[in-house]
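Accompanying notes for the structure given below.
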Amino acid sequence: MIVKKSELECVAVRSEQYPGQDKAEIAFAGRSNVGKSSLLNLITGRKKLARVSGNPGKTRTINFYLINDDFRIVDLPGYGYAKVSRSISESWGKMMSDYLENRPNLVRVVQLVDIRHTPSAQDVEMYEYLRHFGLSGIVVATKADKISSNQRQKNISNIRKTLGMSEEEVVVPVSALKKTGQDKLLEEIENAIFEFQGTC
């Protein structure tokens, strides 16, 4: 897949603000400091499509990006940032669960984890949650340039084991800095959308 066109279509905090259900959606979820905005900019080929903030946890909306006029990428609020108040964290949780559990055209959720670290308890909880709703299967291991190629394979194995991933489920190492891994990720997204459209 080649992304030729991408634009912010909608910013929402409630379901009535979402765009129509006419297009397949691939959502992205991860901890607040995992590099989600950088990844979205990498796969769309646009440096400032998603804002990269110096303050993790700043995204407090669900952002819908229209890709190639064909499907949407959905940027979910980051989770797990300690400095966010409990009331805000709870509101984010409700906003995310409303979307994840009730959006009929949601195809898959790409979960981001930092390749340098063992997935946290919240990462594991999120993956189990996504598996329950049939939305799991693609994990992006960000910041792949920060470790050696030998260590990369060991850490990917650790990620798979910690999250309890099956052999069919995919871990894609990506480096936004070195611009690597995005082609494989776009291929997995294309396959997920094709599979979804075939069942409609």
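The values are calculated or read from the model by the stated rules, or taken from the named source; none is laboratory data. Not measured: the values here are computed from a predicted model. Glycine gets a Cβ as well: all are built from the backbone with ideal geometry, and neighbour counts include every protein chain shown. Quick note on the areas: whole protein, heavy atoms, side chains included, nothing else; ligands and nucleic acids left out. Shrake-Rupley method; radii C 1.70, N 1.55, O 1.52, S 1.80 Å.
At a glance:
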| read-out | value |
| --- | --- |
| Relative contact order of the chain, pairs being alpha-carbon contacts under 8 Å that are 6 or more residues apart, as % | 23 |
| Carbon/sulfur fraction of accessible area - the chain, other protein chains in place, 1.4 Å, % | 47 |
| Histogram of C-alpha separations across the chain, 10 Å bin width, % | 9, 38, 40, 13, 1 |
| Translational D in µm²/s for segment 151-198 (Stokes-Einstein at 4 °C, 1.567 mPa s, Kirkwood Rh from C-alpha pairs) | 106 |
| Amide proton proximity set for VAL170, modelled H, under 5 Å, gap of 5+ | ILE138, VAL139 |
| Solvent-accessible surface (1.4 angstrom probe) belonging to GLU16, in square angstrom, nearest 10 | 130 |
| Solvent-accessible surface ranking, highest first, for LYS5, LYS178 at 1.4 angstrom | LYS178, LYS5 |
| Rounded to whole Hz, the Karplus (6.51, -1.76, 1.60) HN-Hα couplings of segment 68-73, x for glycine and proline | 6, 6, 10, 8, 10, 9 |
| Dipole magnitude (debye, nearest 20) for the chain, charges at Cβ of Lys, Arg, Asp, Glu | 1100 |
